[in-house]
Amino acid sequence: YLPSSPFLRQVAPKCRLVPLGIDLERFDWVGPGQVEAWRAKLGTPLVLFVGRFRYYKGLDYLVKAVSLIPGVRLGLVGSGPEGPRLRRLVAKHGLEARVSFVGDVADEELPAIYRAADVYVLPASERSEAFGISLLEAMAAGLPVVSTELGTGTSYVNRHGETGLVVPPRDPEALAAAVTELLADPDRRQAMGAAGRRRVEAEFTLDRLVNDVLRVYGEVLGCPLGESERL
């Protein structure tokens, strides 16, 4: 947001970047047969979205993109106010057999669902999407991701050409092209997924989050915290 917000630019010298973090251990172990069970339930090749169904998530553009990709399946995990409208849109495009509304699932099931997918997509359409923590979860699970350029934190998380692809917002054709490109190249998907996992390990762990917050407090107080003090 710093370079794109007219408000933050005025106080940029006072700003410090502290990215969110996730618990990587959640994604290190998946129960035997869980992934296969989800792939059997949702179908393949599988495009996945996880999160709240809100206006700024751009899910209507994702549904339209799926209608342009023959045979691909879409799994929508979560719920929210846009749910009824999305169901009508799916019916309008005749996609009932290819789009699964999974609903809310327990946290312990999410790693297996991510691993069952081939590509993760966050099709956010408005700058209300500030970061996209689901991108971190997908990357932690070794998935390549497709996101949109909003001038927010999503393009800080997902590095175009390295951990996934970044496309213009509100553009179903661009989404479809990016997903098709990745589905056609398993080796590239694997390489991007591995790069995403490494990026989360380096930049977006809970330990990194805590240490960065403490660093900011130390700077404000004028007494930088050492490792022993942090513990």
Legend entry - Zone of THR44's modelled label, taken as backbone nitrogen in segment 83-123 under 19 Å from a point 7 Å along Cα→Cβ: 98-100, 111-121
Legend entry - Approximate spin-label separation ARG54-GLU162, in nm, with each point projected 7 Å along Cα-to-Cβ: 2.7
Inset, instruction - Once you've got the GNM for the chain with C-alpha springs shorter than 10 Å, pick whichever of ASP28, ASP212, ASP60 has the biggest mean-square fluctuation. - result: ASP28
Legend entry - Per DSSP, loop chymotrypsin sites (Phe, Trp or Tyr not before Pro) in segment 1-96 with at most 13 further Cβ within 10 Å: PHE7, TRP29
Legend entry - Cβ-Cβ FRET estimate between ARG87 and SER155, R0 fixed at 35 Å, reported to 0.05: 0.70
Legend entry - Global geometry of segment 1-159, whether rounded, prolate or oblate, following the gyration tensor of its Cα atoms and the 1.5 cut on a/c: oblate
Inset, instruction - Can you list which of the GluC sites (Glu not before Pro) found in segment 43-115 are DSSP loop residues with at most 16 other C-beta atoms within 10 Å? - result: GLU96
Inset, instruction - For GLY164, list long-range residues whose amide hydrogen, built 1.01 Å from N in the peptide plane, is under 5 Å from its own amide hydrogen. - result: VAL145, ARG159
Inset, instruction - Work out the FRET efficiency for PHE101 and VAL216 from their Cβ-Cβ distance, taking R0 = 35 Å, and round it to the nearest 0.05. - result: 0.30
Legend entry - Under-25-angstrom lysine pairs by C-alpha in the chain, whenever the two are 8 or more apart or on separate chains: 5
Inset, instruction - Could you tell me which helices of the chain pass both thresholds, a Cα extent of 20 Å or more along their own axis and a mean Kyte-Doolittle hydropathy of at least -0.5, with helices taken as whole DSSP H runs? - result: 206-221
Legend entry - Estimated dipole of segment 1-99 in Debye, rounded to 20 [Cβ of Lys and Arg +1, of Asp and Glu -1, Cα centre]: 480
Inset, instruction - Run the numbers on the chain and let me know its relative contact order in percent, using alpha-carbon pairs under 8 Å that are six or more apart. - result: 22
Inset, instruction - Would you mind telling me the share, in percent, of accessible area of the chain contributed by carbon and sulfur at probe 1.4 angstrom? - result: 55
Legend entry - Under Karplus coefficients 6.51, -1.76 and 1.60, residue-wise ³J(HN,Hα) of segment 12-18 in Hz, glycine/proline x: 3, x, 8, 8, 10, 8, 10
Legend entry - Residue with peak Gaussian network fluctuation, the chain [Cα springs, cutoff 10 Å], from GLY142, GLY153, GLY161: GLY161
Inset, instruction - Using a 1.4 angstrom probe, figure out how much accessible area the chain has per residue, in square angstrom, rounded to the nearest whole. - result: 49
Legend entry - Shape of segment 62-151, Cα gyration tensor, a/c cut at 1.5: rounded
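The values are calculated or read from the model by the stated rules, or taken from the named source; none is laboratory data. Everything numeric in this text was worked out from a predicted model, so none of it was measured. Heads up, the Cβs are rebuilt from the backbone with ideal geometry, glycines too, and the neighbour counts pull from every protein chain shown. Calculation scope for accessible area: heavy atoms of the full protein, side chains included, ligands and nucleic acids excluded. Shrake-Rupley method; radii C 1.70, N 1.55, O 1.52, S 1.80 Å.
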